[in-house]
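J.: Questions regarding the structure given below will be posed in turn.
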Amino acid sequence: MHNKNIKEIKQDLINKKYSVKELIQHFIDRIEKYDSKLNAMITFCKQEAIDQSKLITNIDTSTELHGIPLIHKDVICTKNVKTSCGSKMLDNFISPYNATIVDKMQNSGMIMLGKSNMDEFAMGSSTENSFYGVTANPWNLECVSGGSSGGSAALVAARLIPATTGTDTGGSIRQPAGFCGISGIKPTYGRVSRFGLIAYASSLDQAGPMAKSVEDLAYLLNSMAGYDPKDSTSINISVPNYLENLDKKLKGKKLGLPVKLLSDLDSSINQKIQQFIDELKKLGATIVEIDLPNAHLSVPTYYIVAPSECSSNLARFDGIRYGYRHPDPKNITEQYIKSRGYGFGDEVKRRIMLGTYTLSAGYYDAYYLKAQKIRRIIREDYQKAFENVDAVILPTTPTTAFKIGEKIDDPLSMYLSDIYTVGINLAGLPALSLPVGFINELPIGAQIIGKHFAEDTILNIGHQYQLVTDWHKKIPEEFN
Amino acid sequence: MQWESVIGLEVHTQLKTKSKLFSGSPTEYGAMPNTQASIIDLGMPGVLPVLNQKVVEMAIQFGLAVSAKINNRSIFARKNYFYPDLPKGYQISQHDIPIVGTGYLEIENNGAIKKIGITRAHLEEDAGKSIHDLYDNCSAIDLNRAGTPLLEIVSEPDMRSSQEAIIYLKKLHRIVTYLDICDGNLQEGSFRVDANVSIRPVGDTELGTRTELKNINSFKFIEQAIKYEIQRQIKILESNGKVIQETRLYDPVKNETKAMRSKEEAHDYRYFPDPDLLPLEIDKKLLQKCQKNMPELPHDKLERFIKEYKLSKYDASVLTTEKTLADYFENVSNLTSAKSKTVANWIITEFLSYLNKDSVDVTNAPIKAEMLAKLINKIEDKTINGKIAKTVFEKMWNSGKEADAIIKEENLIQLNDDKKLLEIINNILVEHNDKVQDYKNGKIKLFSFFVGQVMKESKGKANPSQVNKLLQGILENS
């Protein structure tokens, strides 16, 4: 059951090979058996899921996802369910409302089994920053699963659930997808509602699905995408059916390759990217060399824009209306200092301080404003490149999953693991990460980046690739 | 030394919308604490603001009313600071580019017209309220007000006296209430005034160090506070001291200002564009719509009153000082056949003096427009005379009863019957036979004495014009 894709499960349910109840029970059993190795879950909604599954006796064939189990990243608000954001600050927070995407996926008939582990407030690249402990990589339990959506990636990779959600501010869907050998897509900024996503950096945050295959992503994105009047930054344009374009042949597709960017890439990874490109060529695509002259500015720009916004977004966590409150403050100032001082972890505090600095009087122009200008230039670079190509290919990460503890005391080197992903958030573009091979038994991912709102194009390319390769079908030994 | 005072004003007007600036919660005043706060107003994790379009139209109309530049693209910014009644830890406001740019207001002081510059007007959300005296060792927070829309109107430092400041404020108050974008209630905080006050030697062009007087809740107190502050600063400078730039609170009981916080403690608000909100774009269509829907402004109403109701400029200007009063006048006029001048007189001499005497405003007056119209109609149809009507008015004011009921209860119906009137007149003339002789000998001033006696005898109910006619007939023909 757990190796099947969404389409197959759906067919089995229609053919009554097993019931929704049995399906849910199967994944509950797997989570109970294996999650102790991974620590990928924060909250397990076992009973609620069983109760819900019992109610489904007839499968609605018109709803693609009816009965399919799902786990949400714990940054996404779920009504009456703890939504901790991986933080001590919200360890006691039960959300009074559902995020729009939670409602949407529920309306599609999906059954939520729980909430997945993550870097605190989605800040990190390894899930080591979680208040609930690190999530291990299913391919090598000594390695990180990536971050910040590490729990969601590990759960899918270990086949403990067919679908998860993630959020991606600088690579938080794609990087863990790459590290865990699964597929994940960050949609165009504005494509999926942010209402109910606990904001890290509002101008960059975007939620997206994570699953075993690109085809599964198309099913899930069909449910998640669309304008939301509750989110002023979501865009009111029609959403295509992402399944419709999947089967198009790649003949005539032009793919851009920023060759200069790949020159420093580790040779073993470079080799995998070349093999990926060769496969796409065989499918009929042509490769065009492109230049993204300011790509090297992405990481510094990101680490000004994102912390600036985060310093303001996280101001609401003051221990007054909800969340952690220090038990014995002497006065209001001390209540703020102690609640926030003890409630937040180191990385969150680091970014709040960075952002407070870059927005402060006298530094605003030199940092925040400058970063905004460079952000525009980075966006324009992509726009220029897209005049000649349908999609751009990049690696997802400069390395495979690193060891737990290896980078935790070196934030700068941790930040550099986002080098291929953050620019895409700055430009607001959609990007897919999918597995393209293994190095030393650890998966490696590649990105397909599309034009604004061209999720259908990149899903099509990814799916065509997965039709002729089987990297996405590999299962970590221990979890088979 | 001769000193000149320099005053600039910041006015927070609470916009009269049904729902808040960025959430659908109601804005009504006086509800149970925290019953008008949604997850958005509470700053729950993950919630997002959505702009109330109505607010944009109100701000545009204000801008048009003060001949201001309307920015076709303005930006919402976050003003970051920690305060327990500020749920998000930032206030959404406008910083670099406000919706309303520079404009002006003309004020009239002792016959002279002066232009007061308006620097800008921007939209922002209000904070909640902290209540410190409800529980021991504990503060309470009410977030009903959190997210209520405000339009902050900032003037240039163009005023030179507390009097000018008050004239400007009253004019501004008239505009926002005429536009119906603010209920103008100073007491409830719908029209909050902060005054920036400094002084300099007459002839100097550079500004002196200013102090900011905060949240004063009546025009009278604003005037007193500014006056006091000017004198305080003069005293300091004349004794070679230095004015400190600070925020000061006015104490109306002691009539003095006290330091609240100095500039050294001022926050760095770390303003930056709110990434949750798109730039606010205003297109021509919306501008035209706002222009088309502009309510009548004070000046236009004044002109119309003169033309349409044939009122004197004085009467028209008194009646248009407040929109509610002008509406009252028009309502009464529409409900009675009396001349507009009659209606105007009733309102200006009676209604306004009762309002002042009891310090109530038009909307809370015990005599509603329909009631006054009915009273005036009773004079028109000769049920009562004008003098009795004034008594009836007083009784209506005190009891809230209709004119009809009072006239009946007190038996005040006018005496219009010639036969009965003649009876009274004849009795009076007989009684005062000597005076009748004096009258006939040329003391014609005694005529009003006879009228008065008749009125007295009829307990004021005699129809005065009939009495005049009948009396004249008798005296001249006998």
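Where a number appears in this text, it was derived from the coordinates with a stated rule and is not lab data. Every value quoted in this text rests on a predicted model; they were computed, and no experiment measured them. Using ideal geometry, Cβ is built from the backbone for each residue, glycine included, and neighbour counts are taken over all protein chains shown.
J.: Please state the relative contact order of region B:3-286 as a whole percent: Cα pairs under 8 Å, 6+ residues apart?
T.: After rounding, I find 25 percent.
J.: Related question: What number, in percent, do you get for the relative contact order of chain A if the mean sequence gap of Cα pairs under 8 Å and at least 6 apart is divided by its residue count?
T.: In percent, rounded to a whole number, it is 18.
J.: Can you give the FRET efficiency for A:Lys4 and A:Asp291, using 1/(1 + (r/R0)^6), R0 = 35 Å, r = Cβ-Cβ distance, to the nearest 0.05?
T.: On the way: r = 43 Å, r/R0 = 1.21.
Computed FRET efficiency for A:Lys4 and A:Asp291 comes out at 0.25.
J.: Relative contact order for region B:1-80: what is it in percent, counting Cα pairs under 8 Å that are at least 6 residues apart?
T.: Working: 45 pairs, mean separation 18.7, N = 80.
Worked out over region B:1-80, it gives 23 percent.
J.: Sticking with this one: How would you rank A:Trp471, B:Trp3, going from fewest to most other Cβ atoms within 10 Å of each one's own Cβ?
T.: Numbers: A:Trp471 20, B:Trp3 16.
Sorted ascending by nearby Cβ count, the order is B:Trp3, A:Trp471.
J.: Right, something else. Under the rule of -39500 (n - 2.57) per DSSP H run of 4 or more residues, summed and divided by the residues of chain B, what mean residue ellipticity at 222 nm is obtained, to the nearest 500 deg cm²/dmol? Walk me through the intermediate numbers first.
T.: Values: 16 runs with 183 residues, N = 478.
The per-residue figure over chain B is -11500 deg cm²/dmol.
J.: Report ³J(HN,Hα) in whole Hz for each residue of region B:407-415, in order, from the Karplus equation J = 6.51 cos²θ - 1.76 cosθ + 1.60 where θ = phi - 60°; Gly and Pro get x.
T.: 4, 5, 3, 9, 6, 9, 4, 5, 8
J.: If amide hydrogens are placed 1.01 Å from N in the peptide plane, which non-local residues have theirs closer than 5 Å to the one on A:Gly256?
T.: Residues meeting the amide H criterion: A:Val288, A:Asp390, A:Ala391, A:Val392, A:Ile393.
J.: When a footprinting reagent is the concern and you count Cβ atoms within 10 Å, what order do B:Ile39, A:Ile31, B:Ile113, B:Ile413 take, fewest first? Provide the component values of the computation, followed by the final result.
T.: On the way: B:Ile39 17, A:Ile31 23, B:Ile113 8, B:Ile413 14.
In order of increasing Cβ crowding within 10 Å: B:Ile113, B:Ile413, B:Ile39, A:Ile31.
J.: Which value in deg cm²/dmol, rounded to the nearest 500, describes the helix-derived mean residue ellipticity at 222 nm for chain A, given -39,500 (n - 2.57) per DSSP H run of n ≥ 4 and division by the residue count?
T.: Numbers: 15 runs with 172 residues, N = 480.
Estimated from H runs of four or more residues: -11000 deg cm²/dmol.
J.: Determine the sum of side-chain charges near B:Leu421: Lys and Arg each +1, Asp and Glu each -1, restricted to other residues whose C-beta is under 11 angstrom from that of B:Leu421. Show your work: numbers first, answer last.
T.: On the way: positive: B:Lys419, B:Lys420, B:Lys461, B:Lys469; negative: B:Asp417, B:Asp418, B:Glu423, B:Glu457.
That sum, taken over residues with Cβ under 11 Å, equals 0.
J.: Shifting gears a bit: Enter the Cα centre distance for the pair region A:316-361 and region A:184-232, rounded to the nearest angstrom.
T.: Centre-to-centre distance over Cα atoms comes out at 29 Å.
J.: Starting from the Cα of B:Lys313, draw a straight line to each of the aspartates and glutamates and keep only those under 18 Å, dropping any in the same chain fewer than 8 residues away.
T.: Partners within reach: B:Glu108, B:Glu296, B:Asp300, B:Glu303, B:Glu322, B:Asp327, B:Glu330.
J.: Could I ask something else about it? Considering amide H positions built from the backbone, and no H for Pro or chain starts, which residues 5 or more places from B:Glu4, or on another chain, come under 5 Å of its amide H?
T.: B:Arg200, B:Val202
J.: Over all residues in A:313-319, what is the mean tally of Cβ atoms on other chains that come within 10 Å of each residue's Cβ? Walk me through the numbers on the way to the answer.
T.: Values: counts 7, 2, 11, 11, 3, 8, 1.
Mean shielding count: 6.
J.: Given H placed 1.01 Å from N in the peptide plane, which residues other than close sequence neighbours of B:Glu106 have an amide H under 5 Å from its amide H?
T.: Amide H to amide H, under 5 Å and 5 or more residues apart or across chains, B:Glu106 pairs with B:Ile116.
J.: Which whole number gives the average count of other chain Cβ atoms within 10 Å of the Cβ atoms across peptide A:347-358? Walk me through the numbers before you get to the answer.
T.: Details: counts 0, 0, 0, 0, 0, 0, 0, 0, 2, 3, 1, 2.
Mean shielding count: 1.
J.: Where does each of B:Ile60, A:Ile111, A:Ile173, A:Ile475 land when they are ranked from fewest to most other beta-carbon atoms within 10 angstrom?
T.: Details: B:Ile60 22, A:Ile111 25, A:Ile173 34, A:Ile475 16.
In order of increasing Cβ crowding within 10 Å: A:Ile475, B:Ile60, A:Ile111, A:Ile173.
J.: What lysines sit close enough to B:Lys440 to cross-link, taking a C-alpha to C-alpha distance under 21 Å and skipping anything fewer than 8 places away on the same chain?
T.: By straight Cα distance, B:Lys440 reaches B:Lys469.
J.: Within the protein assembly as shown, what percent of beta bridges assigned by DSSP are antiparallel, to the nearest 5? Spell out each step's value before the answer.
T.: On the way: 89 of 106 bridges.
Bridges in the protein assembly as shown are about 85 percent antiparallel.
J.: Tell me, what ³J(HN,Hα) does each residue in region A:20-33 have, in order and in whole Hz, if you take phi through Karplus 6.51 cos²θ - 1.76 cosθ + 1.60 with θ = phi - 60° and put x for Gly and Pro?
T.: So the Karplus estimates, Gly and Pro as x, are 4, 4, 5, 4, 4, 4, 4, 6, 4, 4, 5, 4, 5, 6 Hz.
J.: Let me ask you something else. With θ set to phi - 60° and the Karplus curve 6.51 cos²θ - 1.76 cosθ + 1.60, what are the ³J(HN,Hα) couplings of region B:44-58 in order, to the nearest whole Hz, using x for Gly and Pro?
T.: These are the phi-based 3J(HN,Hα) values: 4, x, x, 7, 10, x, 10, 5, 7, 5, 4, 4, 4, 5, 5 Hz.
J.: Here is a follow-up. Under 17 Å Cα-Cα from B:Lys214, which lysines qualify once same-chain neighbours fewer than 8 residues away are excluded?
T.: Once the sequence-local lysines are set aside, what remains near B:Lys214 is B:Lys129, B:Lys227, B:Lys254, B:Lys258, B:Lys263.
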